[in-house]
Amino acid sequence: MLCRWNKLTVSMMKFLVTYRVTDEVEALKAILLDDELNIKANERGEPECIETLVFPSTGEDSQSQYVCVRLVVQLPPGYPDVSPSVNLRNPRGLDEDTVKLIQSDAEAKCKDFVGQPVMFELIELVREHLTHSNLPTGQCAVCLYGFREGDEFTKTECYHHFHSHCLAAHVAAAERYYREEQEKLPQWQQDSTNKFQAICPVCRESINCDVESLWSAPPPIDVETATDFSVTAELRELQRQMAALFLRQQQRGGIIDPEAEGVKMLLRTEDDPAAATEEVSPPGTSLNAFANQAAHTFTQMQHPQAKQTAQQQSEQSNLNQYQPRQSHHNHHGHNNHGHRNRGRGRANYRRHFDRMRQTESTPR
């Protein structure tokens, strides 16, 4: 009886937990738009992950929303009696310190609301942080300067921020390059229907912008007030240290010279006088030996004369290997019929070499 009561109690608790989660999800659907809320359920149909894109509170003016972040909440089994895990993904216009602060506050909020629905509280917490940080932080990806008070900046559809003047210069340069590449193609390959499309310099997504209005914005303040570059004493000292390090590595064979490696791959025949005077490169890497071997093989394939010379050298080397064995036979009076000095030509050596090979292959 007690066992049945425990099972019934566990079943009722699971039902209550599921009911609370379902009720919370229905409330979120009623508050948020369908495109702002993404709910993932498990195989039993229970919500296990809730995602939503959070923007700052700017009323009806969506053009003034310069930052955003995607809030991802994993609902573990037993939620809300168990604290969920919170992740912030794809923050736009926010620096790392702000993202870490939002993450820390969200985790603390989850611990305080154990046993209660916390999704709505998390969304409001993140939205409050974004409202206080509704200004782009970081640097413009075009000029690499930050945003100062008085700069005019532009937010793209993908929530990346640029100085208006910098974005206009980027789009104009990209369009000019596109036109030049089109003019290089033959007339039959030029596609007049494929118009130029501006893309974001950061994420490469397509963007829509009015270049004329962007050009009317003044340049960034940091660009206007930047001083001309000059080589300081510190830079000169660094150049001297780098030059000494480069020379040391070059002497120890740690740097590959592209010009020297290219010379090693040149094809030279034995009649080329420059081949005899070619300097031997110092040992540096294993690439040197590989290049020499490849050049030698390619030379034999392309030049029959060089291949024939190499074959003669190989035959002569084989004869030298058989000389001790031949002298041994001569000492005992075998295979020596007084013809050792007969014929010194290449054909004689070839026949003699064949006889030696047949003698060696004959079983004794």
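Please treat every number below as a calculation from the coordinates, not as lab data. Everything numeric in this text was worked out from a predicted model, so none of it was measured. All Cβ positions, glycine included, derive from the backbone under ideal geometry; neighbour counts span all protein chains shown.
Relative contact order, whole percent, for region 153-224 stands at 42, derived from Cα pairs under 8 Å and 6 or more residues apart.
Sort Lys184, Lys109 by Cβ crowding within 10 Å, fewest neighbours at the top. Walk me through the intermediate numbers first.
On the way: Lys184 8, Lys109 17.
Fewest-to-most ranking of Lys184, Lys109: Lys184, Lys109.
Which entries in Lys40/Lys195; Lys29/Lys195; Lys29/Lys111; Lys40/Lys109 show an alpha-carbon gap greater than 30 Å? Mind dumping the intermediate values first?
Working: Lys40/Lys195 40 Å; Lys29/Lys195 41 Å; Lys29/Lys111 24 Å; Lys40/Lys109 22 Å.
From Lys40/Lys195; Lys29/Lys195; Lys29/Lys111; Lys40/Lys109, over 30 Å: Lys40/Lys195; Lys29/Lys195.
Take the alpha carbon gyration tensor of region 13-126, find the square roots of its eigenvalues, order them as a ≥ b ≥ c, and report rounded if a/c is under 1.5; if not, report prolate when a/b exceeds b/c, else oblate.
On the way: a/c = 2.16, a/b = 1.56, b/c = 1.39.
Verdict is prolate for region 13-126.
So how do Met119, Met242 line up by other beta-carbon neighbours within 10 Å, fewest first? Kindly include the intermediate steps, with their values, before the conclusion.
Values: Met119 23, Met242 10.
Starting with the residue having the fewest Cβ neighbours, the order is Met242, Met119.
Remark: Ser104, Ser230 ranked as Ser230, Ser104, counting other beta-carbon atoms within 10 Å and listing the fewest first. Normalised by 2.2 N^0.38 Å, with N the number of residues, the alpha-carbon radius of gyration of region 186-233 equals 1.95.
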